[in-house]
């Protein structure tokens with residue numbers, strides 16, 4: 001309270017919508033660097049800061065510059081220069097992404113391609129990067145994923161097990177043919193031991209993959 005008894009000025013915390021207001025010049029924007037800021041200098045600083053944090057595609061950097069109010073001509077000049085000297089390399093980005101996401105998350109070709117396109121990588125570059133994934137490696141990864149999930153499905157009807165295992169692989173971006181092969185192999189292997197696998201495996205023949213989601217955990 002102020003000496004007069006009226007409420008004093010409220011102080012806003014940093015997390016409570018303080019100053020500057022959300023629609024004011026934000027940190028990292030061209031407007032936030034003052035009226036004399038050179039657009040290309042600002043663009044270079046923004047790109048270098050983002051690339052220091054993590055690899056980015058050209059499209060991701062272009063979007064970041066656009067959101068920060070950098071004029072299109074200045075943004076294009078900086079992006080072209082960064083690409084020329086190798087600071088932007090969508091081909092290398094895509095190849096590294098495929099290797100990392102397949103090894104770390106077990107993603108198949110369809111999911112990997114969808115993720116790269118979502119990050120603005122050109123279709124031809126996406127196709128080339130995904131094509132580098134060894135088919136045998138993809139097959140073995142799918143088998144490992146099914147082997148991890150298989151015990152949790154024991155005791156369920158065969159058709160239900162097939163759908164659950166197949167759905168998991170589809171959400172990770174594996175093709176219907178590979179899904180059918182891997183799930184059938186796994187269920188038949190168990191059927192040789194316990195007799196649970198029968199004609200219900202035919203449920204896989206007309207199975208279609210669900211919507212892709214690379215974050216489905218095994």
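The values are calculated or read from the model by the stated rules, or taken from the named source; none is laboratory data. In this text, all values refer to a predicted model and were calculated from it rather than measured experimentally. Here Cβ is always computed from backbone atoms with ideal geometry, including for glycine, and neighbour counts include all displayed protein chains.
Computed quantities for the displayed model
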| quantity | calculated |
| --- | --- |
| Filter result (surrounded by fewer than 16 Cβ atoms within 10 Å (Cβ to Cβ) and under 23 Å from the mean Cα position of the chain (by Cα)) within the stretch 60-85 | 63, 66, 67, 83 |
| Qualifying residue in the stretch 88-103 (condition: over 28 Å from residue 48 (Cβ atoms), in contact (Cβ under 8 Å) with a residue 24 or more places away in the chain, outside the structural domain of residue 51 (by TED's automatic domain parsing) and surrounded by 21 or more Cβ atoms within 10 Å (Cβ to Cβ)) | yes |
| Check on residue 141, without any contact (Cβ under 8 Å) to a residue 40 or more places away in the chain, part of a helix (DSSP H, G or I), in contact with a helix residue (DSSP H, G or I) (Cβ under 9 Å, 6 or more places away or on another chain) and closer than 30 Å to residue 90 by Cα | yes |
| Test result for residue 215, farther than 30 Å from residue 58 by Cβ and at pLDDT below 90 | no |
